[in-house]
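K.L.:
This structure is in structure tokens; I'll ask about it shortly.
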């Protein structure tokens, strides 16, 4: 409830660059404790966020360019290859128990006309991306 005093609760000038995978970032966003838009010269440039589990240690910043890349990669791509797996545990009777199937890895492909870098670059200039046709 102290978001209005974010600069008192975090050392905003002493940032470090950290690379995390999408799963970690999305988990932080889904379970966000702090979620604040960031503006530079009255233009939206990204978000500050963390979750209950990281709120006492970190405050993350995600630039709008990275947000666009992440959302467009998922929304405009089609999974063309996937690998799934399940865990195997031994229960108290010594029998194997198989867990639920989970997606482990996937590969996305995009139409030949889709240029992610171009779309992101244009979006950063304020040109709104519109999909050419509806995918089913």
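The values are calculated or read from the model by the stated rules, or taken from the named source; none is laboratory data. Only a predicted model underlies this, so the values are computations on that prediction, with no experimental measurement involved. Don't worry about glycine lacking a Cβ; one is built from the backbone with ideal geometry, like all the others, and counts go over all protein chains shown.
K.L.:
Looking at the structure I just gave you, is residue 102 under 19 Å from the mean Cα position of the chain (by Cα), exposed (fewer than 11 other Cβ atoms within 10 Å of the Cβ) and without any contact (Cβ under 8 Å) to a residue 60 or more places away in the chain?
P.N.:
yes
K.L.:
If you don't mind, there's one more thing I want to ask. From the list 46, 77, 94, 85, exactly one residue is at pLDDT 90 or above, more than 13 Å from the chain's Cα centre (by Cα) and surrounded by 11 or more Cβ atoms within 10 Å (Cβ to Cβ). Which is it?
P.N.:
85
K.L.:
For residue 69, state whether it is in contact (Cβ under 8 Å) with a residue 24 or more places away in the chain and in contact with a helix residue (DSSP H, G or I) (Cβ under 7 Å, 6 or more places away or on another chain).
P.N.:
yes
K.L.:
Would you tally the residues in region 24-46 being in contact with a helix residue (DSSP H, G or I) (Cβ under 7 Å, 6 or more places away or on another chain) and either within 16 Å of residue 12 (Cβ to Cβ) or touching a residue at least 40 places away in the same chain (Cβ under 8 Å) (or both)?
P.N.:
4
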